[in-house]
Amino acid sequence: MVVDEKIKNKIVSEEITESSENPYLKKLKDFFEEISSLTLFALRFFKEVVRPPYEFKEFVKQSYLIGYKSFPLVAITGLIMGLVLTIQSRPTLAQFGAESWLPAMVAVSIIREIGPVITALIFAGKVGSGIGAELASMKVTEQIDAMEVSGTNPFKYLVVTRILSATIMLPVLVVAADAISLYGAYIGVNLEGDVSFHLFFLQVFEKLSFADVFPAIIKTFFFGFMIALLSCYKGFNANKGTEGVGQAANSAVVLASLSIFIIDMIAVQLTNLFI
Amino acid sequence: MKKSTGNKMKLGIFVSISITLFIVGIYFIGARQQLFSSTFQISGIFRDISGLQVGNNVRFSGINIGIIENIEQITDSTVKVDMVINEDTRKFIKKNAKAIIGSDGLMGNKIILIIPGPVGKKELNNNDTIETAQAVSMDDILIKIKVTADNAASITNDLAIIMQSISEGKGTVGKLLMDSTLAHTLEGAIINIKQGAGGFKSNMDAAGNNVLLRGFFKKKNKEKEKEKEKEAEKK
């Protein structure tokens, strides 16, 4: 009886300590806990990805859904991006009488920065929210638990396949978006000028170098990985019922978009350092 | 099952097209950097490379024929620049050709211009060192412009002094332009010359009617008429 009383007192005192804790300190604690569980989640991915059995069929299915199904959206965005960038850049270059530099300037902008970043943002919006909402609804309806009970590894089946697909499909989408953007730029150049298709692409490749292409493509692998990792993490750890589904989808997109800019900043610094 | 195969097919086509686009892009960029064509290497020694960088173009007769592969400082006043040149152009670049550092337009990148020498010499071999000439740099041009501007300032200064002297009526030109007395005197002189010329004409008319001189004037008139007739015949 005395022991019960002691335990009761201890629980009450802990509750009082927690409620009287500084809210900023609590937020900081939550933040570090989130970082820690995200790191463990990422490490689990690297552990599961190399361990058989491999879910190849699911990987192809996810690649189709994540990559191929995103292509129309990415293509339209890419075309408009190239067109608008060219139209907006023309007046400034015209002031210096340097309109002939338009294809080269637009190409460098698209290949180095705008193509990868805008495509990744579109991808985060479409795929990130999709993965976040899908996994979160599976979690709150206990489908993930059911998979575990039936002997399927849900992490391997749901998370590994999606992260791998996104990591591989985003660079493929970026290459396609770059090509379509350049075509958009060609249309933009010809709205007020007269440059042949051949001359346009000669001028584009005249100013491009491997240092423009490779770092831009390499960083898209990291974009794809982070978008899928954060979306899967948010979806896989969703709670609070149906409300949690919306929250997971929302925070997946926000975090994925933010991570794109952070990775981009690091990539630019590293590129400048080594090339 | 059928749908799954169709999806796989679509995904395969999409990925293949993207990879092909990537490879084509890489090929075009590589081709510009002479990666996929047969090349030979030459080098040139410069005193000042004016900001030339690895990867800049080498141009011959206005055509890009290669790129700068390496830049190396060999002494405190000399820099060795290695160039990779397209093999197809080797037959046109002779041993007496000269390399100078130029610029691609007013704001463009630095480039190396290979200027052909007189014909007759042998073509360059692999790893040969090409003759170089120091191009006129922007700094040289600015120094010359400064000298010209100093001279122009000195001239305008002198002109200002002269103009002031003229406006004050000093010197011959100043007096001519600004002195009203001289203007009146000149006007009088011109009137006198006019009157003198009128008198001279009257004298000449009188001489033409004089018995002693009439023959001379008639002879003169006949010669004039003959000349006119000759000219008319010629025409």
Heavy-atom accessible area order for A:Glu55, B:Glu187, largest first, 1.4 Å probe: B:Glu187, A:Glu55
Beta bridges per DSSP with both ends in the protein assembly as shown, % antiparallel, nearest 5: 75 percent
For A:Leu83, solvent-accessible area (1.4 Å; no DNA, RNA or ligand), Å²: 50 Å²
Residue order for A:Asp30, A:Asp212 - accessible surface, 1.4 angstrom probe, largest first: A:Asp30, A:Asp212
Euclidean distance between Cα centres, region B:95-133 to region A:59-86, Å: 47 Å
Per residue accessible area in Å² of chain A, where ligands, DNA and RNA are left out and the probe is 1.4 Å: 54 Å²
Aspartates and glutamates with Cα under 19 Å of B:Lys95, excluding same-chain neighbours fewer than 8 positions away: B:Asp82, B:Glu87, B:Glu123, B:Asp128, B:Glu131
Cα gyration tensor shape for chain B, rounded if a/c is under 1.5, else prolate or oblate: prolate
Candidate residues A:Ile80, A:Ile111, A:Ile187: accessible-area rank, largest first, probe 1.4 Å: A:Ile80, A:Ile187, A:Ile111
Counting DSSP beta bridges with both ends in chain B, the antiparallel % (nearest 5): 75 percent
Accessible surface of region B:104-235 [probe 1.4 Å, protein heavy atoms]: carbon and sulfur percent: 60 percent
Surface accessible to a 1.4 Å probe, B:Thr181 within the full protein complex, Å²: 90 Å²
Solvent accessible area, Å² - A:Phe210, 1.4 Å probe, full protein context: 40 Å²
Total charge dipole magnitude, the protein assembly as shown, about the Cα centre, Cβ charges on Lys, Arg, Asp, Glu only, Debye to nearest 20: 2260 debye
Accessible area (Å², per residue) of chain B, counting only protein heavy atoms and a probe of 1.4 Å: 72 Å²
Chain pair B, A: total accessible area buried, heavy atoms, 1.4 Å probe, Å²: 2100 Å²
Beta bridge orientation in region B:38-135: antiparallel %, DSSP, nearest 5: 75 percent
Accessible surface of region A:103-148 [probe 1.4 Å, protein heavy atoms]: carbon and sulfur percent: 58 percent
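The values are calculated or read from the model by the stated rules, or taken from the named source; none is laboratory data. Since this is a predicted model, take the numbers as computed values, not measurements. In this analysis, Cβ positions are derived from the backbone assuming ideal geometry, glycine residues included, and neighbour counts consider all displayed protein chains. All accessible areas refer to the heavy atoms of the entire protein, side chains included, with ligands and DNA or RNA removed. Shrake-Rupley method; radii C 1.70, N 1.55, O 1.52, S 1.80 Å.
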